[in-house]
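The values are calculated or read from the model by the stated rules, or taken from the named source; none is laboratory data. Owing to the predicted nature of the structure, the values given are computational and were not obtained by experimental measurement. A quick note on method: Cβ atoms are made from the backbone with ideal geometry, for glycine too, and the neighbour counts reach across all protein chains shown. Heads up: the accessible areas ignore ligands, DNA and RNA and are worked out on the full protein's heavy atoms, side chains in. Shrake-Rupley method; radii C 1.70, N 1.55, O 1.52, S 1.80 Å.
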Amino acid sequence: MAKRILLTGGAGYIGSHTYLALVEAGYDVVIFDSFANARRDVPDRLAQVTGKPVTVIEGDVRSRQALDQVFGDRSFDAVVHFAALKAVGESVERPLDYFDVNLGGLTTLLKAMDAAGCRRLVFSSSACVYGIPDETPTPETAEYRAMNPYGQTKIVGEQVLTALTAANPDWAAGILRYFNPAGAHRSALIGEDPRDIPNNLMPYIARVALGELDRISVFGDDYDTPDGTGVRDYIHVEDLARGHVLSLDRLLDAGDSHVVNLGTGRGHSVLEMIEAYKRASNRDLPYTITDRRPGDVPVYVARADKAAQVLGFTTEKTLEDMCSSSWAWITSDAARRED
Ligand code: UFG
């Protein structure tokens, strides 16, 4: 029988791509999502891609009652937990919401899982736990440094899981530190919601390519990087999704907890990203160099060897794939359709 997985936040950007990767790998997947930051039409799109019905339960991870109902109705082999708030700037303005959803949601989920005897969890963490790292490419052994409340919630979330797995050998957790996800599903039916006001570089570039925004602001060209602009390790969201499948396989087969970076191990500057997107979209992409964005890190690049050793994970998609799939998605009817 197929193993059954609960995907909290499974209708979001990374969650929906992971849903497709898990179904492709033969898992039976149930989505639990509050739709606070996900489009209502995502489940239909997922069904279109897989050709199978999608099971979605609407609910909030902070509700123990809702979770008990979910675990009471079905048994689950593991949970992949995406449901969380993720905007750095917003976390500075609304820290309580971030602690409430990201940490309150996590501990409520863990208690409900424990009560139901489901003790395998894959956790969405972030490269932001490294703050401004001393070493790049950054290894998993780099120390924790919080830069903002969002980062604090990811650090404490990891610590909660480390304490839990140390206290109880029945528990195992896969902690995945994402670098910068980019791109969209090859079907062009699933991607990052283009209607959000973009904080992040890739969706911003996409909106300028579409002609919906005038020009890109490049936040600083005086960093100690080859062209002076910020360098990031962009990873195709389909590669990232596959990393979750491998983490889950490992948890279910061997019961081994792990903490790994999910990145490519290669960095690209803001200007390189603009050039790559220009080639993929064949559009003019005007930009202006502006001041640095407060709190920005000059370089984030993953040491990618541990994910390769522990999970057998290596990325397959290129920067061109990220840009072309983003462009195919954002220019598709699917992306523009209203709920
Ligand atoms: N940038 C611009 N202009 C923009 C947006 C971004 O020049 O309009 C630059 C930034 O200065 C940075 C790079 O593009 O150099 C990437 O910025 P993003 O906002 O896309 O991503 P960040 O790396 O700042 O942050 C993202 C997530 C965080 C996560 C981090 C981990 O938003 O949650 O990746 O690498 F912690």
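Do the conditions hold for Gly263, that is, is it open to solvent by less than 40 Å² (accessible area, probe 1.4 Å) and within 23 Å of the chain's Cα centre (by Cα)? Reasoning before the result, please.
Values: open to solvent by less than 40 Å² (accessible area, probe 1.4 Å): yes; within 23 Å of the chain's Cα centre (by Cα): yes.
It is true that Gly263 is open to solvent by less than 40 Å² (accessible area, probe 1.4 Å) and within 23 Å of the chain's Cα centre (by Cα).
Regarding region 287-304, can at least one residue be identified that is near the ligand (Cβ under 10 Å from one of its atoms) and on the phi > 0 side of the Ramachandran plot?
For region 287-304, residues near the ligand (Cβ under 10 Å from one of its atoms) and on the phi > 0 side of the Ramachandran plot: present.
If the Cβ limit is 7 Å and pairs must be 6+ apart or interchain, which residue in region 185-209 that is on the phi < 0 side of the Ramachandran plot pairs with which residue that is aromatic (Phe, Trp, Tyr) and surrounded by fewer than 21 Cβ atoms within 10 Å (Cβ to Cβ)?
Pro198/Tyr204
Would you tally the residues in region 107-139 being closer than 27 Å to Asp233 by Cα and not aromatic (Phe, Trp, Tyr)?
Our first condition is that a residue be closer than 27 Å to Asp233 by Cα; within region 107-139, this holds for 121-139.
Imposing the further condition that a residue be not aromatic (Phe, Trp, Tyr) reduces the set to 121-122, 124-129, 131-139.
Residues meeting the conditions: 17.
Somewhere in region 111-125, is a residue buried (at least 16 other Cβ atoms within 10 Å of the Cβ) and aromatic (Phe, Trp, Tyr)? Can you show your working first?
First pass over region 111-125, keeping only residues buried (at least 16 other Cβ atoms within 10 Å of the Cβ): 112-113, 116, 118-125.
If we keep only those that are aromatic (Phe, Trp, Tyr) as well, we get 123.
Yes, some residue in region 111-125 is buried (at least 16 other Cβ atoms within 10 Å of the Cβ) and aromatic (Phe, Trp, Tyr).
Could you list, in sequence order, the residues of region 280-316 that are under 18 Å from the mean Cα position of the chain (by Cα), in contact (Cβ under 8 Å) with a residue 60 or more places away in the chain and open to solvent by 60 Å² or more (accessible area, probe 1.4 Å)? Step through it out loud before you land on a result.
In the first step, residues of region 280-316 are kept if they are under 18 Å from the mean Cα position of the chain (by Cα); the result is 300-304, 307, 311, 313-316.
Now restrict to residues that are in contact (Cβ under 8 Å) with a residue 60 or more places away in the chain: 300-304, 307, 311, 313, 315-316.
Of everything in region 280-316, those that are under 18 Å from the mean Cα position of the chain (by Cα), in contact (Cβ under 8 Å) with a residue 60 or more places away in the chain and open to solvent by 60 Å² or more (accessible area, probe 1.4 Å) turn out to be Arg303, Glu316.
Restrict the check to region 135-148 and report whether at least one residue is of a type outside the set (Phe, Trp, Tyr), within 10 Å of the ligand (Cβ to nearest atom), farther than 30 Å from Phe76 by Cβ and open to solvent by 40 Å² or more (accessible area, probe 1.4 Å).
Yes - at least one qualifying residue is present in region 135-148.
Each row is one residue, and each column tells you yes or no for (1) without any contact (Cβ under 8 Å) to a residue 24 or more places away in the chain; (2) farther than 17 Å from Leu106 by Cα.
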residue	(1), (2)
Ala2	no, yes
Tyr13	no, yes
Ser16	no, yes
Gly26	no, yes
Arg39	no, yes
Asp44	yes, yes
Pro53	yes, yes
Val70	no, no
Asp73	yes, yes
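From the list Ala83, Ala38, pick out the single residue that is at pLDDT below 95, of a type in the set (Gly, Ala, Ser) and either crowded, with 19+ Cβ neighbours inside 10 Å or part of a loop (DSSP other than H, G, I, E, B) (or both).
Going through Ala83, Ala38 in turn, just one is at pLDDT below 95, of a type in the set (Gly, Ala, Ser) and either crowded, with 19+ Cβ neighbours inside 10 Å or part of a loop (DSSP other than H, G, I, E, B) (or both): Ala38.
Any residue that is near the ligand (Cβ under 9 Å from one of its atoms), open to solvent by less than 30 Å² (accessible area, probe 1.4 Å), at pLDDT 95 or above and not in a loop (DSSP other than H, G, I, E, B) - is there at least one of those in region 233-256? Give the derivation first.
At the first step, the residues of region 233-256 found to be near the ligand (Cβ under 9 Å from one of its atoms) are 233-234.
From what is left, the residues that are open to solvent by less than 30 Å² (accessible area, probe 1.4 Å) are 233-234.
Of the ones still in play, those that are also at pLDDT 95 or above are 233-234.
Those still in the list that are not in a loop (DSSP other than H, G, I, E, B) too: 234.
Yes, that holds for at least one residue.
Just checking, which of Gly89, Gly72, Gly105 is within 16 Å of the ligand (Cβ to nearest atom), out of contact with any strand residue (DSSP E or B) (no Cβ under 6 Å at 6 or more places or on another chain) and assigned to a helix (DSSP H, G or I)?
Working: Gly72 fails: within 16 Å of the ligand (Cβ to nearest atom); Gly105 fails: within 16 Å of the ligand (Cβ to nearest atom).
Among Gly89, Gly72, Gly105, only Gly89 is within 16 Å of the ligand (Cβ to nearest atom), out of contact with any strand residue (DSSP E or B) (no Cβ under 6 Å at 6 or more places or on another chain) and assigned to a helix (DSSP H, G or I).
Go through region 1-18 and report how many residues are more than 16 Å from Leu240 (Cα to Cα) and open to solvent by less than 30 Å² (accessible area, probe 1.4 Å). I'd like the intermediate steps shown before the answer.
Applying the first criterion (more than 16 Å from Leu240 (Cα to Cα)) to region 1-18 yields 1-6, 8.
Cutting the leftovers down to open to solvent by less than 30 Å² (accessible area, probe 1.4 Å) gives us 5-6, 8.
Here the count works out to 3.
Since Ile274 meets every condition but one in (1) surrounded by 17 or more Cβ atoms within 10 Å (Cβ to Cβ); (2) within 19 Å of the chain's Cα centre (by Cα); (3) of a type outside the set (S, T, N, Q), which condition does it not meet?
(2)
Could you check region 152-227 for strands (runs of 3 or more DSSP E) lying wholly inside it with 1 or more residues that are in contact with a Gly (Cβ under 6 Å, 6 or more places away or on another chain) and either within 15 Å of the ligand (Cβ to nearest atom) or open to solvent by less than 20 Å² (accessible area, probe 1.4 Å) (or both)? First the steps, then the outcome.
Details: elements: 172-178, 180-182, 216-219.
Here the list reads 172-178.
Tell me which of these Lys52 doesn't satisfy, since it passes every other one: (1) part of a loop (DSSP other than H, G, I, E, B); (2) open to solvent by 60 Å² or more (accessible area, probe 1.4 Å); (3) over 24 Å from Ala2 (Cβ atoms); (4) not aliphatic (A, V, I, L, M).
Going through (1) part of a loop (DSSP other than H, G, I, E, B); (2) open to solvent by 60 Å² or more (accessible area, probe 1.4 Å); (3) over 24 Å from Ala2 (Cβ atoms); (4) not aliphatic (A, V, I, L, M) one by one, Lys52 breaks only (3).
Within region 321-333, is there a residue that is more than 13 Å from the ligand (Cβ to nearest atom), under 26 Å from Lys3 (Cα atoms) and of a type in the set (Phe, Trp, Tyr)?
Here is the first cut: in region 321-333, the residues more than 13 Å from the ligand (Cβ to nearest atom) are 321, 323-325, 327-333.
From what is left, the residues that are under 26 Å from Lys3 (Cα atoms) are none.
No, region 321-333 contains no residue that is more than 13 Å from the ligand (Cβ to nearest atom), under 26 Å from Lys3 (Cα atoms) and of a type in the set (Phe, Trp, Tyr).
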